[in-house]
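Here the structure is laid out as structure tokens; the discussion comes afterwards.
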Amino acid sequence: MPLDPDDSPGFLLWHVTLRWQRDIAAALAPLNLTHVQFVLLATTWWLNSRGEDPNQLSLARQAGTDVKMTSQVLRKLETKGLLRRETDTADTRAKKLRVTGRGAELAAQALIAVEAADVAFFQATPDPAALLAMLRPLARGTDRPSR
């Protein structure tokens, strides 16, 4: 006997994810960024702020994105003047990524918009810390908490 949809965690997660993605897309639209553009720009910005100049592969791993799709999105961000891709002197096949000044400003604005959308979306959650504790092992792909 199939579960009632309201008793299916996967089905509910699907709907929650769709609602959240719509809210994030709406928050980023005035900044002319897609959600994936934001994730890759913000992740590059964060890594740069830690003294790292990631290449495409390390950025994709950090962001959890497909490497080929990451390459396409990075080209678009470069065309927009939001980041630079420079040949890595240690490996000429790789490109080091650096957010431009304009990209850093936009990343900061976008982060504020996304965080505000998250606060609004998750305000119905009675215990945000418990929600994070439940999501972390799922995001890691394990049912055991890491130590």
With the condition being in contact with a strand residue (DSSP E or B) (Cβ under 8 Å, 6 or more places away or on another chain), I'd like the helices (runs of 4 or more DSSP H) fully within segment 54-147 carrying at least 1 qualifying residues. 56-63, 67-79, 101-122
Single residue of Arg61, Arg85 found to be without any contact (Cβ under 8 Å) to a residue 40 or more places away in the chain, farther than 17 Å from Thr34 by Cα, surrounded by fewer than 19 Cβ atoms within 10 Å (Cβ to Cβ) and touching a Leu at 6+ places or on another chain (Cβ under 8 Å): Arg85
Selection status of Ala120, surrounded by fewer than 16 Cβ atoms within 10 Å (Cβ to Cβ) and touching a residue at least 40 places away in the same chain (Cβ under 8 Å): yes
From the list Leu97, Leu31, Leu41, which one is aliphatic (A, V, I, L, M), farther than 28 Å from Ala120 by Cβ, surrounded by 14 or more Cβ atoms within 10 Å (Cβ to Cβ) and within 17 Å of the chain's Cα centre (by Cα)? Leu97
Checking the conditions here, which among Ser49, Ser71 is polar (S, T, N, Q) and surrounded by 12 or more Cβ atoms within 10 Å (Cβ to Cβ)? Ser71
Going by the structure shown, is Ala129 surrounded by 11 or more Cβ atoms within 10 Å (Cβ to Cβ) and either closer than 30 Å to Pro5 by Cα or touching a residue at least 40 places away in the same chain (Cβ under 8 Å) (or both)? no
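Read-outs: derived from the displayed coordinates by stated rules, not from any lab. It should be emphasised that the depicted structure is a prediction, and the values quoted were computed from it without experimental measurement. In this analysis, Cβ positions are derived from the backbone assuming ideal geometry, glycine residues included, and neighbour counts consider all displayed protein chains.
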